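The values are calculated or read from the model by the stated rules, or taken from the named source; none is laboratory data. These numbers come from a predicted model, not from an experiment. Heads up, the Cβs are rebuilt from the backbone with ideal geometry, glycines too, and the neighbour counts pull from every protein chain shown. Remember, those area values only see protein heavy atoms, side chains included, never the ligands or the DNA or RNA. Shrake-Rupley method; radii C 1.70, N 1.55, O 1.52, S 1.80 Å.
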Amino acid sequence: IGAIELSEMFYELEQLGTAHDLKANSEKTPKTLALYRSYKPILKPYGQAQESGKRETSREELVELLQKLRGAMENFDLDGADAAMKELEECRMPEELGTQMEQMRAYVADVAMMEVMELADAMVEVLKNG
């Protein structure tokens, strides 16, 4: 995203961590995280624009897709899990599931079966109770 200063700050933290300089690392971390968090409102419109290109989907359909993803993982059906994830990616997610959807992408990419199943269950709960 072109955040050169932020990149350099994270690189410095990484170097301090490698050098086991916990004191300097803990002193510099708050400033780095503050800058990192300051980018969120700046980048939010870009994420919303990307989301607006997706199709409107009912909560019930999202529940079905999450259950399909969960079932595929439970049955060690990685092709089925990938297909379900692809379908989910085409759907507009409710805002309250944005963070969980990001985590789900990472879990599916890592083939973290238990985490996918647990997160799918949690997301279904949000959809049913929201």
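With the helix formula -39500 (n - 2.57) applied to DSSP H stretches of n ≥ 4, the chain reaches a computed 222 nm mean residue ellipticity of -26500 deg cm²/dmol.
Once R0 is set to 30 Å, what does the formula 1/(1 + (r/R0)^6) return for the Cβ-Cβ distance between Glu90 and Lys128, expressed as a FRET efficiency to the nearest 0.05?
On the way: r = 21 Å, r/R0 = 0.71.
FRET efficiency, Glu90 to Lys128: 0.90.
Projecting the Cα atoms of Ala120, Gly130, Leu78 onto the charge dipole of the range 78-130 (Cβ charges, centred on the Cα centre) puts Gly130 farthest toward the positive pole.
Quick one: with all protein chains in place, what share of the accessible area of the chain is carbon or sulfur, to the nearest percent (1.4 Å probe)? The nonpolar share, carbon plus sulfur, comes to 54 percent.
Compactness check for the range 58-128: Cα Rg over 2.2 N^0.38 Å is 0.95. In this rough spin-label picture, where each label sits 7 Å from Cα along the Cβ direction, the Glu118-Asp79 distance is 3.0 nm. Contact order normalised by length for the chain, with contacts defined as Cα pairs under 8 Å and 6 or more residues apart; what percent is it? Reported relative contact order: 24 percent. Here are a few candidate values for P(r) over Cα pairs in 10 Å bins from 0, in percent: (1) 13, 45, 35, 7; (2) 13, 41, 34, 11, 1; (3) 11, 32, 25, 23, 9, 0. Which one was actually calculated from the structure I just gave you? Given (1) 13, 45, 35, 7; (2) 13, 41, 34, 11, 1; (3) 11, 32, 25, 23, 9, 0, the structure-derived one carries the label (3). Scalar couplings 3J(HN,Hα) for the range 123-130, obtained by applying the Karplus form with A = 6.51, B = -1.76, C = 1.60 to θ = phi - 60°, are 5, 4, 4, 4, 5, 6, 9, x Hz; x denotes Gly and Pro. Using +1 at the C-beta of Lys and Arg and -1 at the C-beta of Asp and Glu, which of Thr18, Leu88, Gln103 has the Cα lying farthest in the positive direction of the dipole of the chain? Selected residue: Thr18. Pairs with C-alpha atoms separated by more than 28 Å, drawn from the list Lys54/Lys128; Lys28/Lys54; Lys86/Lys128, are Lys28/Lys54.
Working note: Karplus 6.51/-1.76/1.60 with θ = phi - 60° gives the range 20-27 the couplings 6, 8, 5, 5, 5, 4, 5, 6 Hz, where Gly and Pro are set to x.
Could you report the range 48-111's accessible area per residue, 1.4 Å probe, as an integer in Å²?
On the way: 3870 Å² over 64 residues.
With the other protein chains kept in place, the range 48-111 gives 61 Å² per residue.
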